[in-house]
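This report refers to the structure that appears directly beneath it.
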Amino acid sequence: MIELTDVHKSFGSVEVLRGVSASIRRGEVVCVIGPSGSGKSTILRCINGLETYDGGTITIDGVRVDRASRDIKSIRTQIAMVFQRFNLFPHRTALENVVEGPIYVKGIKREEAIQRALELLSRVGLGGKANAYPAELSGGQMQRVAIARALAMQPKAILFDEPTSSLDPELVGEVLTVMRQLAEDGMTMVVVTHEIRFAQEVADRVLFLDHGTILEEGAARQVLTTPQHARTQEFLRRVLTPI
Amino acid sequence: MAKFFADAREFLPILLQGVWLTIVVTAGSLVLSTLLGMVWALMRVSRLTLLQRLSAGIVNTIRGIPILVQLFYIYFVMPQLGLTLTALQAAIIGLGIAYSAYQAENFRAGIEAIDKGQIEASESLGMGWALMMRRVVLPQAVKIILPPYGNTMIMMLKDSSQASTITVAELTMEGQLIASSTFKYTSILSMVAVLYLVMSVPLILFVGWLERRMQQAKR
């Protein structure tokens, strides 16, 4: 469904992606791991057209992703994104955050959108917080609202950009639980994460990215427990036993 | 003091006519400068290089010419180009254009202060530029823009006195006319000063209130 073919991307003289190719199938959960600066987030941002890319192609169901093209808006309504820092709209309540896209972008009737949004908020465990503003919510709650906001667009896939990296450790679990549930429901997910255990349990496939190339990829269990490449082994050792 | 009150009874009604024109000039140019300023600001933050440059050029030109010269230009030069305006119209248009540059800079600063994450979130929902501005950026930018906007209002109230240079009989001009014909400079100009204070102090308090509310909203 999402196809990346030999994608290159530079920021000035720094080449962040050096020929990344990957294919994500419908219903698949793919975790992208790797050291910081390896280009993990950039891949997600290119898939959603938040960044341009310099070479190669990215397609969603055969339609090329191009930040400058007219199709980009419709592609973005099909591929939702969840950000590291939530990026909720602070001037709107949890409910208003969730209905914003459906009402103003997709043109769904207000009552219908609200009905669905309330269901989604309950699904992420925030049925009672519909009228709370982001400032009144914890980090974990904000991220769950952000996930509900993404789901409200009824996307074909959701991209998660380090969704738990700016959370206090005790709040990570509640977000991962929601994501695990989504995966079980068959949502196509691409997750950039440092949560190796989550990747092990939930991912169908893991990509290990280093210096802008996919160094190793395969079934989650295989890459995470018996990595072939020395760089992968060292990265996992450092992430799993930091001290 | 008794003399002052006697003068006040005699001349205050005339001065109040001036107050009325001061308010008309201020309100008119405030509306015009806000509208134009918003246009310049939106051009500046748009994604079209041509519009950005055009806006920067307009704002710099307006900022680089004294307000008095702009007023004279509109009042004395425009008629020669075939556009005759009353003094009041010329004052409102002149001050409105002159202040639009400062309004634009304030609006732009407010818009650019919005976190980049907000823009990315809007884009990732499939919003276009206009929808994002209307639903996400501007509602948040207003809170940042308002306190300096209030200060601009106060400056415009006082700078409306420049309309006197193109014969608009607003407060300053009325005061000057009465004072120079009666030689009662002390009482007349004191009254003028007090009348300006009476108009601007509420605005000053309003701006202070806005700033305090802004602080609370930040949390």
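Might you let me know whether segment A:106-127 holds any residue that is open to solvent by 40 Å² or more (accessible area, probe 1.4 Å), at the interface with chain B (Cβ under 10 Å from one of its Cβ atoms), within 23 Å of B:Ile119 (Cβ to Cβ) and at pLDDT below 95? Within segment A:106-127, one or more residues are open to solvent by 40 Å² or more (accessible area, probe 1.4 Å), at the interface with chain B (Cβ under 10 Å from one of its Cβ atoms), within 23 Å of B:Ile119 (Cβ to Cβ) and at pLDDT below 95.
Looking only at residues of segment A:205-243 that are more than 20 Å from the chain's Cα centre (by Cα) and of a type in the set (S, T, N, Q), we find that the one that is surrounded by the most Cβ atoms within 10 Å (Cβ to Cβ) is A:Thr232.
Criterion applied to A:Arg92, A:Arg85 was being touching a Gly at 6+ places or on another chain (Cβ under 6 Å) and part of a loop (DSSP other than H, G, I, E, B), and the one residue passing it is A:Arg85. Taken over segment A:91-102, the criterion of being facing chain B (nearest Cβ under 7 Å) and either among the aromatic types (Phe, Trp, Tyr) or surrounded by fewer than 20 Cβ atoms within 10 Å (Cβ to Cβ) (or both) is satisfied by A:His91 alone. Close contacts from segment A:187-209, counting a first residue that is more than 20 Å from A:Ser38 (Cβ to Cβ) and touching a residue at least 60 places away in the same chain (Cβ under 8 Å) and a second that is of a type in the set (Gly, Ala, Ser) and outside any helix (DSSP H, G or I), with Cβ to Cβ under 6 Å and a gap of 6+ residues or different chains, come to A:Thr188/A:Gly27; A:Thr188/A:Ala157.
Looking at this structure, is B:Met191 touching an Asp or Glu at 6+ places or on another chain (Cβ under 8 Å) and either open to solvent by 30 Å² or more (accessible area, probe 1.4 Å) or under 14 Å from B:Ala8 (Cβ atoms) (or both)? When the stated conditions are applied, B:Met191 passes them. Evaluating B:Arg134 against the criteria (1) within 25 Å of B:Met43 (Cα to Cα); (2) in contact (Cβ under 8 Å) with a residue 40 or more places away in the chain leaves one unmet condition, (2). So is B:Gly37 touching a residue at least 40 places away in the same chain (Cβ under 8 Å) and either of a type in the set (Gly, Ala, Ser) or in contact with an Asp or Glu (Cβ under 7 Å, 6 or more places away or on another chain) (or both) or not? So B:Gly37 fits the description; yes. Here are some residues: A:Ser21, A:Ser36, A:Ser10. Which one is away from chain B (no Cβ under 14 Å), open to solvent by 20 Å² or more (accessible area, probe 1.4 Å), outside any strand (DSSP E or B) and among the polar types (S, T, N, Q)? Going through A:Ser21, A:Ser36, A:Ser10 in turn, the sole match is A:Ser36.
In the set B:Gly175, B:Gly117, only one residue is within 14 Å of chain A (Cβ to nearest Cβ) and modelled with pLDDT of 90 or more; that residue is B:Gly117.
Based on what the data block shows, is A:Leu50 at pLDDT 95 or above, under 18 Å from the mean Cα position of the chain (by Cα), open to solvent by less than 40 Å² (accessible area, probe 1.4 Å) and within 11 Å of chain B (Cβ to nearest Cβ)? No, not satisfied.
When segment A:193-204 is filtered for residues that are surrounded by fewer than 18 Cβ atoms within 10 Å (Cβ to Cβ) and within 13 Å of the chain's Cα centre (by Cα), only A:His194 remains.
Just one residue in the set A:Ile72, A:Ile103 is modelled with pLDDT of 95 or more and over 16 Å from the mean Cα position of the chain (by Cα); that residue is A:Ile103. Tallying residues that are crowded, with 18+ Cβ neighbours inside 10 Å and among the basic types (Lys, Arg) within segment B:109-156 yields 1. Applying the set (1) in a strand (DSSP E or B); (2) surrounded by fewer than 22 Cβ atoms within 10 Å (Cβ to Cβ) to A:Val190 leaves exactly one unmet item: (2). In segment A:124-135, the residues that are within 15 Å of A:Ala146 (Cβ to Cβ) reach residues that are in a loop (DSSP other than H, G, I, E, B) with C-beta atoms within less than 6 angstrom, at least six apart or across chains, in these pairs: A:Tyr133/A:Thr93; A:Pro134/A:Leu88; A:Pro134/A:Pro90; A:Ala135/B:Arg219.
Could you run through segment A:62-84 and say how many residues are surrounded by fewer than 19 Cβ atoms within 10 Å (Cβ to Cβ) and within 8 Å of chain B (Cβ to nearest Cβ)? The total comes to 2. Restricted to helices (runs of 4 or more DSSP H) entirely inside segment B:93-188, those with at least 3 residues that are small (Gly, Ala, Ser) are B:116-124, B:171-182.
Give the residues of segment A:121-167 that are in contact with a Ser or Thr (Cβ under 8 Å, 6 or more places away or on another chain) and of a type in the set (Asp, Glu), sorted by residue number. A:Asp161, A:Glu162, listed by residue number. Of all residues in segment B:68-92, those that are out of contact with any Gly (no Cβ under 6 Å at 6 or more places or on another chain), open to solvent by 30 Å² or more (accessible area, probe 1.4 Å) and either part of a helix (DSSP H, G or I) or in contact (Cβ under 8 Å) with a residue 40 or more places away in the chain (or both) total 13. Just to be sure before I move on: is A:Leu126 touching a Lys or Arg at 6+ places or on another chain (Cβ under 9 Å) and closer than 13 Å to A:Leu167 by Cβ in the structure I sent? For A:Leu126, the condition - touching a Lys or Arg at 6+ places or on another chain (Cβ under 9 Å) and closer than 13 Å to A:Leu167 by Cβ - is not met. The selection criterion, being away from chain B (no Cβ under 13 Å) and in contact with a strand residue (DSSP E or B) (Cβ under 9 Å, 6 or more places away or on another chain), does not hold for A:Arg45.
The values are calculated or read from the model by the stated rules, or taken from the named source; none is laboratory data. For clarity, every value in this text was computed on a predicted model and none was experimentally measured. Backbone-built Cβ (ideal geometry, glycine too); neighbour counts: all protein chains shown. In case anyone asks, the SASA skips ligands and DNA or RNA and just uses the protein heavy atoms, side chains included. Shrake-Rupley method; radii C 1.70, N 1.55, O 1.52, S 1.80 Å.
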